[in-house]
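Novice: This structure is in structure tokens; I'll ask about it shortly.
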There are 4 protein chains.
Amino acid sequence: MHTTVAHTPAGEEARALCERHLEGRGVRIADIAAIVLDLQRPFVPGLDVAECVESVEAVLSKREVCNALLTGIALDTLAERGALPEPLQSTVLHDDPLYGIDEVLALAVVNIYGSIGFTNFGYLDKVKPGIVGLVDGRGHGPERCDTFLDDLIAAVAAAAAARIAHGHRDTR
Amino acid sequence: MHTTVAHTPAGEEARALCERHLEGRGVRIADIAAIVLDLQRPFVPGLDVAECVESVEAVLSKREVCNALLTGIALDTLAERGALPEPLQSTVLHDDPLYGIDEVLALAVVNIYGSIGFTNFGYLDKVKPGIVGLVDGRGHGPERCDTFLDDLIAAVAAAAAARIAHGHRDTR
Amino acid sequence: MHTTVAHTPAGEEARALCERHLEGRGVRIADIAAIVLDLQRPFVPGLDVAECVESVEAVLSKREVCNALLTGIALDTLAERGALPEPLQSTVLHDDPLYGIDEVLALAVVNIYGSIGFTNFGYLDKVKPGIVGLVDGRGHGPERCDTFLDDLIAAVAAAAAARIAHGHRDTR
Amino acid sequence: MHTTVAHTPAGEEARALCERHLEGRGVRIADIAAIVLDLQRPFVPGLDVAECVESVEAVLSKREVCNALLTGIALDTLAERGALPEPLQSTVLHDDPLYGIDEVLALAVVNIYGSIGFTNFGYLDKVKPGIVGLVDGRGHGPERCDTFLDDLIAAVAAAAAARIAHGHRDTR
């Protein structure tokens with residue numbers, strides 16, 4: 001640790017920053033909340049979209065989530081501009097399934113609400129519903145790279161679902 | 001670390017021990033290999049069941065996998081006998097979805113071949129195909145507890161699939 | 001997930017349960033707080049023991065922390081009574097350094113406040129200051145087994161230190 | 001997963017790539033091996049530096065290790081050139097202790113040989129012996145950024161030490 005430190009955002013500032021960066025990549029909080037609602041509705045009777053939006057926003061206000069999101073989106077954007085050194089440039093641009101570092105960042109996000117989020121993350125990353133599939137499917141090529149983004153969205157949705165699962169039980 | 005240590009098995013000894021404990025709970029290596037084949041067939045043309053059996057056996061020969069499996073099965077068995085202290089006894093016996101420690105042990109298994117196994121683990125744990133569903137569905141009650149076992153089987157299958165994915169690329 | 005679930009504690013109930021189980025093994029919250037104070041004092045001017053006690057209690061009120069603690073202490077206690085099946089019984093009783101599952105449970109605890117706790121956990125687990133060393137050193141044998149407990153205490157201290165590090169910055 | 005994939009290196013190719021990138025940042029394999037020797041000598045009588053070099057090289061030949069190393073070094077280098085978007089640029093350049101993503105990549109490396117490497121990683125990251133301290137201490141500023149590199153070196157050393165611990169027992 002060093003005494004001269006930069007400012008990494010948390011709380012409301014982190015949430016706003018995440019929201020802005022996600023919107024810059026065409027992803028709205030409502031899109032992620034829709035996935036959370038589908039995931040948790042079978043287990044939480046009466047769950048509505050407003051509670052899911054609130055849960056996604058709570059996840060995005062965590063410092064480590066924000067840092068993972070900013071780092072992943074930066075790597076995607078740099079790959080689009082050809083600004084990464086080879087062979088990393090090709091690996092990220094073509095979303096090599098054996099790269100693994102996109103999953104590593106996603107797991108740091110999922111971890112925030114404990115291990116029960118892992119199942120949902122894996123499921124979303126495989127089935128790719130809603131905005132996850134849309135981001136994953138819009139192509140990997142010189143103009144577009146979302147290697148990190150689809151995993152990170154799935155991770156935020158999985159964490160928000162885990163947060164609801166914990167909270168629902170806690171308020172009984 | 002201590003100088004007087006017990007012997008934790010690895011290699012062929014670990015594999016044999018895992019196989020014996022799995023069979024004691026009604027799970028055969030062939031059942032797990034069938035799931036691996038379904039997972040990886042779309043990505044690996046010509047993959048056959050023999051290669052999947054070999055991959056499951058390689059996973060089961062890893063020391064940390066064997067230790068996770070023995071620990072999880074011991075906790076399931078102790079819960080069946082009512083031998084765990086409360087409130088842990090009730091938590092494990094009823095497979096409380098917020099317990100989380102079953103997923104923690106499973107993740108230690110998945111980790112062995114890097115982060116690309118997480119997606120398959122989550123998918124298997126949610127969709128519960130073949131032996132995973134059979135184990136999960138055979139009931140949780142005074143006579144039967146498989147709280148850890150279904151997650152561990154899914155984790156072994158996910159790790160074996162990741163191992164094939166890595167190896168297939170490596171042999172090019 | 002199943003519809004009939006047991007009750008896993010969280011919040012104040014979890015904290016009280018953890019405290020009782022720790023005291024049953026000779027560990028007081030003040031002992032853990034003392035380690036947290038030593039860890040964070042160089043980085044947080046004016047930090048006092050009351051704030052460290054509060055942070056340890058906050059960590060112990062998390063459901064996943066409580067579940068990890070209850071599971072680890074149960075395995076230690078069962079090993080003392082010779083109630084685990086072999087070869088797990090010998091592995092746990094003799095604290096085999098290659099067992100690894102004690103670290104796996106500890107990491108689930110450390111994870112709760114993100115990745116910055118890992119450094120402190122590893123340091124505490126190696127240097128074994130205060131209560132960590134006392135628990136680790138009181139012997140492994142037929143009458144006494146603390147294979148999980150020393151790692152779990154180090155993990156709780158590391159998580160409480162990470163929580164203070166995050167909070168100190170957040171309140172600026 | 002996508003059918004058109006880039007080539008991520010593994011095996012001998014990965015090792016050579018890692019070695020070149022490390023040397024480009026002033027780190028030699030012998031420097032890392034020296035740390036491994038200090039870590040494991042108390043536990044492995046007769047351990048010599050050649051065996052430690054071989055273990056470090058084995059770690060560097062793993063695909064996920066190579067990908068983590070290339071990604072971390074790329075982020076360090078981009079930060080030196082001011083090429084990251086804000087606020088990430090400031091966070092990485094000044095090695096903010098609450099960033100956390102450097103530890104996340106390091107943990108992906110440590111994971112490769114199971115959970116027993118975590119203790120050594122945390123210890124090295126805190127005590128910063130040899131090359132870890134040298135890299136950490138050479139300053140963070142407009143011309144120099146090693147935010148990821150010091151954690152990654154500590155992680156490679158910890159993984160190589162865990163590999164020796166496992167292997168030493170396995171060959172008995």
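The values are calculated or read from the model by the stated rules, or taken from the named source; none is laboratory data. Nothing here was measured: the structure is a model prediction, and the numbers come from that model. Neighbour counts are summed over all protein chains in view; Cβ atoms, including those assigned to glycine, are modelled from backbone coordinates with ideal geometry. Remember, those area values only see protein heavy atoms, side chains included, never the ligands or the DNA or RNA. Shrake-Rupley method; radii C 1.70, N 1.55, O 1.52, S 1.80 Å.
Novice: List the equivalent ellipsoid semi-axes of chain A in whole Å, largest first, each obtained as the square root of 5λ for an eigenvalue λ of the Cα gyration tensor. Can you show the working numbers first?
Specialist: Values: eigenvalues 144, 73, 38 Å².
Value: 27, 19, 14 Å, ordered largest first.
Novice: Here is a further query. Just the accessible area per residue of the protein assembly as shown, please: how many Å² with a 1.4 Å probe?
Specialist: On the way: 23010 Å² over 688 residues.
Ligands and nucleic acids excluded, the figure is 33 Å² per residue.
Novice: Taking the Cα centre as origin and putting +1 on Lys and Arg beta-carbons and -1 on Asp and Glu beta-carbons, what dipole magnitude results for chain A, to the nearest 20 debye?
Specialist: Here the size comes out at about 380 debye.
Novice: Around B:Leu134, what is the net charge, scoring Lys/Arg as +1 and Asp/Glu as -1 over all other residues with Cβ under 13 Å from its Cβ?
Specialist: Details: positive: B:Arg25, B:Arg28, B:Lys128, B:Arg138, B:Arg144; negative: B:Asp31, B:Asp136, B:Asp146, B:Asp150.
Summing Lys and Arg as +1 and Asp and Glu as -1 gives +1.
Novice: Defining the label point at 7 Å along Cα→Cβ, can you sort the distances from B:Gly133 to the same site in each other copy, shortest first, in nm?
Specialist: Its label point is 2.0, 5.6, 5.9 nm from the equivalent points in the other copies.
Novice: For the pair D:Ser90/D:Arg28, report the inter-label distance in nm, with labels modelled 7 Å from Cα in the Cβ direction.
Specialist: That separation, rounded to one decimal, is 4.0 nm.
Novice: Could you sort out which of A:Lys126/D:Lys62; C:Lys128/D:Lys62; C:Lys62/D:Lys62 sit more than 29 Å apart by Cα distance in this structure?
Specialist: Check vs 29 Å cut-off fails for C:Lys128/D:Lys62; C:Lys62/D:Lys62.
Novice: Report the residue, chosen from D:Pro85, D:Pro129, D:Pro97, that carries the largest GNM mean-square fluctuation when chain D is represented by alpha-carbon nodes joined by springs under 10 Å.
Specialist: In the Gaussian network model the winner is D:Pro85.
Novice: Can you tell which of A:Val44, A:Ile29, A:Ala10 lies farthest toward the positive end of the dipole of the stretch A:1-79, using +1 and -1 charges on the Cβ of basic and acidic side chains (Lys, Arg; Asp, Glu)?
Specialist: A:Ala10
Novice: How far is D:Gly26 from the same spot in each other copy, in nm, shortest first, if each label point sits 7 Å from Cα toward Cβ?
Specialist: Taking the point 7 Å beyond Cα along Cα→Cβ, the inter-copy spacings are 4.4, 4.8, 6.3 nm.
Novice: Using a ≥ b ≥ c from the Cα gyration tensor of the protein assembly as shown (square roots of the eigenvalues), is it rounded, prolate or oblate, where a/c under 1.5 gives rounded and otherwise the larger of a/b and b/c decides, a/b for prolate?
Specialist: Judged from the Cα gyration tensor, the protein assembly as shown comes out rounded (a/c under 1.5).
Novice: Placing unit charges on C-beta atoms (Lys and Arg positive, Asp and Glu negative, everything else neutral), compute the dipole magnitude of the protein assembly as shown about its Cα centre in debye, rounded to 20.
Specialist: With only Lys, Arg, Asp and Glu charged at Cβ, the dipole is about 0 debye.
Novice: A:Glu54 label points, 7 Å along Cα→Cβ, one per copy: pairwise distances from this copy to the rest in nm, shortest first?
Specialist: Once sorted, the set of distances for A:Glu54 reads 2.5, 5.5, 6.1 nm.
Novice: Next question, about the same structure. If you fit an axis through the alpha-carbon atoms of helix C:101-110 and take the longest principal axis of the Cα set of chain C, what angle between them do you get, 0 to 90°, nearest 10?
Specialist: Between the helix axis and the principal axis of chain C, the angle is about 20 degrees.
Novice: Quick check: with the 1.4 Å probe, what order do B:His7, C:His21, A:His94 take by accessible area, largest first?
Specialist: Values: B:His7 110, C:His21 45, A:His94 70 Å².
Largest accessible area first, the residues go B:His7, A:His94, C:His21.
Novice: Here is a further query. Measure nothing fancy, just the Cα-based angle from helix D:63-80's long axis to the longest principal axis of chain D, in degrees from 0 to 90, nearest 10.
Specialist: Relative to chain D, helix D:63-80 is tipped by roughly 40 degrees.
Novice: Could you work out the Rg to Rh ratio of the stretch B:32-124, with Rh taken as the Kirkwood radius (inverse of the mean 1/r over all Cα pairs)?
Specialist: Numbers: Rg = 15.8 Å, Rh = 15.0 Å.
Ratio of gyration radius to Kirkwood radius for the stretch B:32-124: 1.05.
Novice: Which distance in Å, rounded to a whole number, links the C-alpha centroids of the stretch A:107-149 and the stretch A:55-82?
Specialist: About 12 Å separates the Cα centre of the stretch A:107-149 from the one of the stretch A:55-82.
Novice: Smallest Cβ-to-axis distance in chain C, for the rotation taking C to D: which residue, how many Å?
Specialist: C:Gly122, 1
Novice: So how much accessible surface do A and D hide from each other in total, probe 1.4 Å, in square angstrom to the nearest 100?
Specialist: In total, this chain pair buries about 3100 Å².
Novice: Just to confirm the number: angle between the C-alpha axis of helix A:29-40 and the first principal axis of chain A, 0 to 90 degrees, nearest 10?
Specialist: So the helix axis and the longest Cα principal axis differ by about 50 degrees.
Novice: Got the relative contact order for the stretch B:26-124 handy, in percent, Cα pairs under 8 Å and 6 or more residues apart? Before the final figure, lay out the partial values.
Specialist: Working: 51 pairs, mean separation 19.9, N = 99.
This gives 20 percent for the stretch B:26-124.
Novice: How large a share of the accessible area of the stretch D:11-170, in percent, is made up of carbon and sulfur atoms when the probe is 1.4 Å and the other protein chains stay in place?
Specialist: Roughly 53 percent of what the probe reaches on the stretch D:11-170 is carbon or sulfur.
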